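The values are calculated or read from the model by the stated rules, or taken from the named source; none is laboratory data. This is a predicted model, so every value here is computed, not measured. Neighbour counts run over all protein chains shown; Cβ positions are idealised from the backbone, glycine included. Quick note on the areas: whole protein, heavy atoms, side chains included, nothing else; ligands and nucleic acids left out. Shrake-Rupley method; radii C 1.70, N 1.55, O 1.52, S 1.80 Å.
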Amino acid sequence: MVGHSSAVILWAGKSPSRRYRDGHNGSDMRQCVASIRKIDGLKNQQDTMLVPPWLEQLLNTAFFRVCRSHGDAARSECNMYCLDCNTDAFCLYCRSSKHEDHQVIQIRRSSYHDVVRVSEIQKVLDISGVQTYVINGARVLFLNERPQPKGGKTVSHVCEICGRNLVDAFRFCSLGCKLVAIKRNNGDGTSTKEEEELREGGKQDIYRPTPPTPSSSARRRKGIPHRAPFRS
């Protein structure tokens, strides 16, 4: 994808005033302006595509409620989501009757929190930077932020948005936190210099080493020792 920097190449060589002095008319100027606007439009389209239209709805959907149409069935929990319809969760029977040829992902549960398998979500979404876990033999990631357990041990990796402890060197604990980061940083997913400094400063405050306390058995010297004078 072409960025803003490429627009500068269109002007490489001579300035607009020099071009006029060389005998060029205003058509060259209009062509350059049109090219720059086209590049800006592609940039805005790229930023919009970073967040698919179904992601926010997916993160706000309540899963595992009983299906209204198949409440008497054995597997009537609504743990499916259609990326094409982008409406609401549905059960296994609704999928076979209404979403057979659609792009559907299945949501699972881990410790009362919604997760999705990496093998399913990575086909339709960039999940780089999000912490993954292996649960029941499958690698998954969490949809939304989870409460931070109290009294946890000090770790070197934390979520950039909610501060939750991470197991590995990832940036976010969930898809929801990555979405917050993308929106916060105008679609590029990177932090500003001020946010980096604040985060680094916060880490230094949290993980600043505590000076060791002196042992109670250690004896303190009361002053500089003086040797007794020799007798004459």
Starting from segment 130-154, keep only residues that are more than 13 Å from Asp114 (Cα to Cα) and without any contact (Cβ under 8 Å) to a residue 24 or more places away in the chain, then list their pairs with residues that are assigned to a loop (DSSP other than H, G, I, E, B) and open to solvent by less than 30 Å² (accessible area, probe 1.4 Å) whose Cβ atoms are within a distance under 6 Å, requiring at least 6 positions of separation or different chains.
Arg139/Thr132
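Residues Arg95, Arg139, Arg108: which one is in a strand (DSSP E or B), open to solvent by 50 Å² or more (accessible area, probe 1.4 Å) and out of contact with any helix residue (DSSP H, G or I) (no Cβ under 7 Å at 6 or more places or on another chain)?
Working: Arg95 fails: in a strand (DSSP E or B); Arg139 fails: out of contact with any helix residue (DSSP H, G or I) (no Cβ under 7 Å at 6 or more places or on another chain).
Just a single option satisfies the conditions, and that option is Arg108.
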What single numbered condition from (1) of a type outside the set (Asp, Glu); (2) at pLDDT 95 or above; (3) over 30 Å from Glu145 (Cβ atoms) fails to hold for Asn79?
(3)
Does Val167 satisfy the criteria of being in a strand (DSSP E or B), open to solvent by 40 Å² or more (accessible area, probe 1.4 Å) and farther than 26 Å from Pro53 by Cβ?
no
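Of everything in segment 162-180, what is over 16 Å from Glu56 (Cβ atoms), charged (D, E, K, R) and modelled with pLDDT of 95 or more? Give them in sequence order.
Filtering segment 162-180 down to residues over 16 Å from Glu56 (Cβ atoms) leaves 162-171, 173.
Filter again for charged (D, E, K, R), leaving 164, 168, 171.
Passing the criteria: only Arg171.
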For Ser119, which of the numbered conditions (1) exposed (fewer than 14 other Cβ atoms within 10 Å of the Cβ); (2) closer than 21 Å to Asn60 by Cα; (3) not charged (D, E, K, R) fails to hold?
(2)
Scan segment 115-124 and tell me whether some residue there is aliphatic (A, V, I, L, M), in contact (Cβ under 8 Å) with a residue 24 or more places away in the chain and in contact with an Asp or Glu (Cβ under 8 Å, 6 or more places away or on another chain).
no
Whether any residue in segment 97-115 is among the small types (Gly, Ala, Ser), under 25 Å from the mean Cα position of the chain (by Cα) and modelled with pLDDT of 95 or more is what I want to check.
no
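Name the residues in segment 145-164 that are surrounded by 17 or more Cβ atoms within 10 Å (Cβ to Cβ) and part of a loop (DSSP other than H, G, I, E, B), would you? Spell out how you get there, then give the answer.
Restricting attention to segment 145-164, the residues satisfying the condition of being surrounded by 17 or more Cβ atoms within 10 Å (Cβ to Cβ) are 145-146, 158-162, 164.
Scanning segment 145-164 gives Glu145, Arg146, Cys159, Glu160, Ile161, Cys162, Arg164.
Are any residues in segment 113-136 in a strand (DSSP E or B), of a type in the set (A, V, I, L, M) and over 16 Å from Phe172 (Cα atoms), and if so, which ones?
Here is the first cut: in segment 113-136, the ones in a strand (DSSP E or B) are 113-117, 130, 133-135.
From what's left, of a type in the set (A, V, I, L, M): 115-116, 130, 134-135.
Scanning segment 113-136 gives Val134, Ile135.
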When segment 49-71 is examined, which residues are found to be at positive phi and in contact with a helix residue (DSSP H, G or I) (Cβ under 7 Å, 6 or more places away or on another chain)?
none
Just name the residue that is farthest from Ile121 (Cα to Cα) out of those in segment 170-181 that are open to solvent by less than 40 Å² (accessible area, probe 1.4 Å) and not in a strand (DSSP E or B).
Ala181
